[in-house]
Amino acid sequence: MAQVTPTARPVGSPPRSAPRIGMLIGPVIFALLLGVWEAVIRLLGVSEILVPAPSSIASALWAGLVVSPRSPVAFYGPTLRTLSEALGGLSIGATVGLALAVLLTRVRVIERYAMPYIMAFQSLPKIAIAPLFIVWFGFGVTSIVVLVATSTFFAILVNAVEGFKSTDVDRLDLMRAIGASPAQTFWTLILPGAFPFIFSGLQIALVISILSTIVGEFINGRDGLGARILLSNNVLDIPDVFAVLIILGTMAAGLDFLLRLIRRRVLFWSPGERRLGL
């Protein structure tokens, strides 16, 4: 029976363990930065009211995670509240943005006259009109969701409009030549071709939705991570503030990862997605 000899590694190629070592560089650097941060705080005696040590932040984070979800110090309720408000407003904003993009690109007269007003509305600082939403929709979830929706729809609108306009003219002529209806052309050619633009708009709107939610909770929220930040700041519990910031960063990173995963599944046919390895 012939023996199978292992394939020789090419001369000059890096060791097989190199990728594993590369994966450890980031965590090691992060751990070193935390260690330096902790040492500076302890050696210089910096007050936790100014900058807390990483160990204090970890203790505050742990204290809010190991308790019952119904506990007033738990992070679960505020996190769920903020997440639901952000996703609810983003869903409404994305729906409105896509619908307006379809309308503006199909009826050019509306685009010509409506787009300046949309631009003017979008230029208004949302924190300035947030009190109006409280007057119109009251305190609570509704006004925050409306604030998030009005803050996110423009990113979807602009990217979707650009995507719809980027359809290749030759392909449009081909669809007309084979007798395709406008609806068939839109669903089979224009909309799929605009998906990369739409997903780019969603990634921008995702960040805006979380920021807008926190701003809304600062102004009128009685619950949520924004209200938790205000409460902790008022009692000078700065480690708890940093713990909430860590939760917000983790939430944003998780939602972005999920959106990228969906994008990769939907745009599997796109050469750009395969090349970038998203």
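Can GLY193 be described as small (Gly, Ala, Ser), under 19 Å from the mean Cα position of the chain (by Cα) and part of a helix (DSSP H, G or I)? Please lay out each step first, then the result.
On the way: small (Gly, Ala, Ser): yes; under 19 Å from the mean Cα position of the chain (by Cα): no; part of a helix (DSSP H, G or I): yes.
No, not satisfied.
What's the total number of residues in segment 231-247 that are touching a residue at least 60 places away in the same chain (Cβ under 8 Å) and part of a helix (DSSP H, G or I)?
So the answer is 8.
Within segment 161-190, can you find the residues that are outside any helix (DSSP H, G or I) and either in contact with a strand residue (DSSP E or B) (Cβ under 6 Å, 6 or more places away or on another chain) or among the charged types (D, E, K, R) (or both)? Walk me through it before giving the result.
Narrowing segment 161-190 to residues outside any helix (DSSP H, G or I): 166-168, 178-181.
Residue satisfying the conditions is ASP168 alone.
So, of the residues in segment 153-188 that are modelled with pLDDT of 85 or more and aliphatic (A, V, I, L, M), which turns out to be nearest to LYS126 (Cα to Cα)?
Only one residue tops the list, namely ALA155.
Kindly provide the set of residues from segment 220-230 that are surrounded by 15 or more Cβ atoms within 10 Å (Cβ to Cβ) and touching a residue at least 60 places away in the same chain (Cβ under 8 Å), ordered by number.
ASN220, GLY221, ASP223, GLY224, LEU225, GLY226, ALA227, ARG228
Of the conditions (1) surrounded by fewer than 17 Cβ atoms within 10 Å (Cβ to Cβ); (2) over 21 Å from the mean Cα position of the chain (by Cα); (3) closer than 21 Å to ALA99 by Cα, ASN233 clears all except one; give me its number.
ASN233 satisfies all of (1) surrounded by fewer than 17 Cβ atoms within 10 Å (Cβ to Cβ); (2) over 21 Å from the mean Cα position of the chain (by Cα); (3) closer than 21 Å to ALA99 by Cα except (3).
How many residues does segment 197-218 contain that are surrounded by fewer than 19 Cβ atoms within 10 Å (Cβ to Cβ) and more than 16 Å from the chain's Cα centre (by Cα)?
1
Restricting attention to segment 149-189, which residues are buried (at least 16 other Cβ atoms within 10 Å of the Cβ) and touching a Lys or Arg at 6+ places or on another chain (Cβ under 9 Å)? Outline the logic, then answer.
Kept after step one, since they are buried (at least 16 other Cβ atoms within 10 Å of the Cβ), are these residues of segment 149-189: 149-164, 167, 175, 180, 185-186, 189.
Scanning segment 149-189 gives THR150, SER151, PHE164, THR185, PHE186, LEU189.
The values are calculated or read from the model by the stated rules, or taken from the named source; none is laboratory data. This is a predicted model, so every value here is computed, not measured. For neighbour counting, all protein chains shown are included, and Cβ atoms are generated from backbone atoms with ideal geometry for every residue, glycine included.
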